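Here is the structure we will look at.
The values are calculated or read from the model by the stated rules, or taken from the named source; none is laboratory data. Bear in mind the structure is a predicted one, so any value in this text is a computation, not a measurement. Glycine gets a Cβ as well: all are built from the backbone with ideal geometry, and neighbour counts include every protein chain shown. Please note that ligands, DNA and RNA were not included when accessible areas were found on the heavy atoms of the full protein model with its side chains. Shrake-Rupley method; radii C 1.70, N 1.55, O 1.52, S 1.80 Å.
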Amino acid sequence: MVVKKNRLILIIAIILILAAICGYVFINGIDPGNYLKESGFFSQSPEQEQTDSSTDITTAGQNTESVPGLNQRSFETAVNKLYLLDSEGILDLNNVTYHQILGRFVDVNGLADSWMIGAGKDGKSILLVYNSGEWNQQEWPGTLSEETIDLENITLPEDLYKQNSEIIRKTLEPANASYSDLSLKDGIYTISIQNTNNIAELKFKADSGEMI
């Protein structure tokens, strides 16, 4: 009886310890798997260790905190889909003016994980978001630039990156980054590249793609 009682106490103690750990992990936003692995609560098989080592090699030194799930598409593809939705009556682009463009996680080919357009419609500011191949409309959080953008008369982002590939790659390399953010406002393209605690910026004319 004493042995069974001690065993029961031990099991309850283990459950309470694990519950406390899980509470700490979720409250502090830590990944449970990584936390338990780092704390030595379970060991990996040789196959798992080899897989993790391979992953570490490919991502070591990279600015991995900004790497998305990768669903890269060109701005041209996004705009064509936008026009298609308008023609089908799914999105109403009547009286819409475009003022700002943002590409998130843009690769060296000018393809972005998501595209956003700040637009005006009937006196209101709206945000058009293209993600995972679909557009949706939201409220623009702030004030828009007064200058409008003619989507037919700008250098496409994919052409901008191709035209200025050398300087863009030279800026990405010191930051150990594969991606950048791209914005278009007041006739100027700005490519922003995160480098540790600093952000390197490259600026180009939106019409010609020429570096400023």
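Restricting attention to region 126-163 and to residues that are hydroxyl-bearing (Ser, Thr, Tyr) and modelled with pLDDT of 95 or more, the residue that is farthest from the chain's Cα centre (by Cα) turns out to be Thr148. Would you check which residues across region 152-168 are open to solvent by 20 Å² or more (accessible area, probe 1.4 Å) and aliphatic (A, V, I, L, M) and list them? Ile154, Leu156, Ile167 - these are the residues of region 152-168 that are open to solvent by 20 Å² or more (accessible area, probe 1.4 Å) and aliphatic (A, V, I, L, M). Within region 67-126, the only residue that satisfies the criterion of being part of a strand (DSSP E or B), open to solvent by less than 50 Å² (accessible area, probe 1.4 Å) and farther than 18 Å from Leu184 by Cα is Lys121.
Evaluation of Asp113 against the conditions (1) farther than 30 Å from Lys170 by Cβ; (2) charged (D, E, K, R); (3) in contact with a Phe, Trp or Tyr (Cβ under 6 Å, 6 or more places away or on another chain) shows that the sole unmet condition is (1). Look at region 128-150: where a residue is farther than 15 Å from Trp115 by Cβ and open to solvent by 90 Å² or more (accessible area, probe 1.4 Å) and a partner is among the aliphatic types (A, V, I, L, M) and assigned to a strand (DSSP E or B), sitting 6+ places away or on another chain with Cβ atoms under 9 Å, you get Glu139/Ile126; Glu139/Leu127; Pro141/Leu127.
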